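Participant: Please see the structure below; I have some questions.
The values are calculated or read from the model by the stated rules, or taken from the named source; none is laboratory data. Just so we're clear, the structure is a prediction, and the values are computed from it rather than from any experiment. In this analysis, Cβ positions are derived from the backbone assuming ideal geometry, glycine residues included, and neighbour counts consider all displayed protein chains. Ligands, DNA and RNA are stripped out before the accessible areas are found, and what is left, the full protein with its side chains, is counted by its heavy atoms. Shrake-Rupley method; radii C 1.70, N 1.55, O 1.52, S 1.80 Å.
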Amino acid sequence: MRRILVTSASGANGDGYGTLLCFSAGGELAGPFSDDPRITDPRGLSLSPAGDLVYVTSGDDRVLALGKNGNVTLDSGRWEGLDAGGGAFAPDGRYCVTLRRRGAILALPPGLDGEGELLLPDRAVAFPRGFGFGDEGQLYLSSGIGPSGEGDNTITVFDRDGRLRNARLVSDPELSPLDLAVAPGGTLVVSSEWPFGSASARATIREYSPSTGQLLRVLAPDPAVGFRRPRGLRFGPGGRLYCVGQDHVVAFDFPTGTFLGVIAELHRLHGQAVLLLT
C-alpha cells in the first residue's frame, strides 16, 4: 500500500505540526509516521537508493534514517549549528544536505557514521534551496533570496569536483526557487513562489533546460485550489510530479503538464518535502 510522507515545518519555518506526517494513498491523514522525539521541525526527506530507509533532516541539528515502520535506525547525532535543509542522494550513494547558514552542501556517509565532506565551499550561494545531480555528476543548486534580501533567484551549476561551472544558469524574472528536482528526462524542475512572501504570490512549477537555462514550461495548479508556498517536489510512478505546500499536496501529469488535483489536504500543513513510500 502506498503512503505519502510529508515533513511539516514549525517555528520560523511555518506554523505547522513540526513532525513527519503520513497520509494514505487516498489522502487521508494517518498521523505521525514516527513519534521519535528527535524529529523536530523536519525539512529534507529522501528514500535511500535501496528503498528501505527514509532519511530526514531534523531541525534538531541532526540527520536521521527511519525504517518503513517509522523506527529510527540511523542517527548522525546532534551537530550544533548544522541547520540542514533539503536532502538528496549523490550518485556515489552519499546523503547530501544543504547547510542553510553556510550556503554550502554537506555529503554524509549513508550510515550517518562519519563527519561528512563539503561538496561546495562555504557561501557557494547566499541562500541555498533545492538541488539535484545530472547524469555526468554535475550539481544544480537553486539559489534564492534570504530573509534579509541577500541572494539571487537563479540556478547555479557546479561540476562533480565542486568547481563553479555557471553562476547564473537561469535568468527568469518570475523565478523565486523553493525546491529543485531533476526530471527523468534530465530537465530541471523548480517550485516557485513569485513575488516571494506576497499575499498575491503565484505558485508555479517551472521547467528549464539543463544546458541553456531556457524556460521550457510553466505548470500551475487550478487557482481555485488556493495552493500557496510550494516547497518539496517529487517524481512518482506513472509520470506524476508531486508538490507540497502550505495546506496541500498536489500532483501533475508531468509529460502533458496537466494538473491532476489535490492529493492530500490539511490545514497548517506547511509542507517542506514529500515522499511516496510503498
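Participant: Within region 182-235, list the trypsin sites (Lys or Arg not before Pro) lying in a DSSP loop whose Cβ has at most 16 other Cβ atoms in a 10 Å radius.
Facilitator: Filter output for region 182-235: 228.
Participant: Testing the spin-label approximation: label points 7 Å from Cα along Cα→Cβ at residue 268 and residue 24. State their distance in nm.
Facilitator: In this crude label model, residue 268 to residue 24 measures out at 2.4 nm.
Participant: Among 65, 50, 124, whose mean-square fluctuation peaks in a Gaussian network model of the chain (Cα, cutoff 10 Å)?
Facilitator: 50
Participant: For region 13-44 and region 87-158, what is the separation of their C-alpha centers, rounded to whole Å?
Facilitator: So the separation of the two Cα centres works out to 24 Å.
Participant: Evaluate the charge dipole of region 199-278 about its Cα centre and quote only its size in Debye, nearest 20, assuming +1 on the Cβ of each Lys and Arg and -1 on the Cβ of each Asp and Glu.
Facilitator: The dipole of region 199-278 has a size of about 220 debye.
Participant: Okay, which of region 93-116 sit inside 15 Å, backbone N to the point 7 Å along the Cα-Cβ direction of residue 61?
Facilitator: What the label zone holds, given the 15 Å backbone N cut-off, is 99-102.
Participant: How much accessible area per residue does the chain have, in Å², with a 1.4 Å probe?
Facilitator: Roughly 42 Å² per residue, with all protein chains present.
Participant: Dipole of region 131-278 (Lys/Arg Cβ +1, Asp/Glu Cβ -1, origin at the Cα centre): which of 197, 257, 133 lies farthest to the positive side?
Facilitator: 197
Participant: Can you bin region 33-96 into rounded, prolate or oblate? Criterion: square roots of the alpha carbon gyration tensor eigenvalues sorted a ≥ b ≥ c, rounded for a/c under 1.5, prolate for a/b above b/c, oblate for the rest.
Facilitator: In terms of gyration-tensor shape, oblate.
Participant: Right, something else. Compute the length gained on full extension between residue 211 and residue 35: take 0.36 nm times their separation in residues and subtract their Cα-Cα distance, giving the result in nm to one decimal.
Facilitator: So the chain would gain 59.0 nm between residue 211 and residue 35.
Participant: If each residue of separation counts as 0.36 nm, what is the full-extension length gain between residue 171 and residue 126 once their alpha-carbon separation is subtracted? Numbers along the way, then the final one.
Facilitator: Values: separation 45, 0.36 × 45 = 16.20 nm, distance 1.67 nm.
Extra length available between residue 171 and residue 126 comes to 14.5 nm.
Participant: Work out the P(r) tail for the chain: percent of alpha carbon pairs separated by more than 25 Å, whole number.
Facilitator: Value for the chain: 40 percent of Cα pairs lie more than 25 Å apart.
Participant: Further, regarding this structure: Counting other C-beta atoms within 10 Å, and keeping those with at most 15, which DSSP coil chymotrypsin sites (Phe, Trp or Tyr not before Pro) do you find in region 222-278?
Facilitator: Answer in residue order: no site qualifies.
Participant: Given contacts defined as C-alpha pairs under 8 Å and at least six residues apart, what's the relative contact order of the chain, whole-number percent?
Facilitator: Numbers: 765 pairs, mean separation 39.8, N = 278.
Relative contact order, the chain: 14 percent.
Participant: So, with +1 on the Cβ of K and R and -1 on the Cβ of D and E, and no other charges, what is the size of the charge dipole of region 79-217 about its Cα centre, to the nearest 20 debye?
Facilitator: The calculation lands at about 340 debye.
Participant: In addition: Select from region 102-134 those trypsin sites (Lys or Arg not before Pro) which occupy a DSSP coil region and have at most 15 other Cβ atoms within 10 Å, ordered by residue number.
Facilitator: 123
Participant: Still on this structure, please answer the following. If you roll a 1.4 Å probe over region 104-226 with all protein chains in place, what percent of the accessible area is carbon or sulfur?
Facilitator: Details: 2760 of 5550 Å².
Looking at region 104-226 in its full context, I get 50 percent from C and S.
Participant: From the Cα gyration tensor of region 148-199, with a ≥ b ≥ c the square roots of its eigenvalues, which class applies: rounded if a/c is under 1.5, or else prolate if a/b is larger than b/c, or else oblate? Can you show the working numbers first?
Facilitator: Details: a/c = 2.47, a/b = 1.43, b/c = 1.73.
Cα axes put region 148-199 in the oblate bin.
Participant: Assuming a ≥ b ≥ c are the square roots of the Cα gyration tensor eigenvalues, decide whether region 182-235 counts as rounded (a/c under 1.5), prolate (otherwise, with a/b larger than b/c) or oblate.
Facilitator: prolate
Participant: Does anything in region 92-120 have its amide N under 11 Å from the 7 Å Cα→Cβ label point of residue 78, and if so which residues?
Facilitator: none
Participant: With +1 on each Lys and Arg Cβ and -1 on each Asp and Glu Cβ, how big is the dipole of the chain about its Cα centre, in debye rounded to the nearest 20?
Facilitator: Details: 26 positive and 31 negative charges, 72 e Å.
Roughly 340 debye for the chain.
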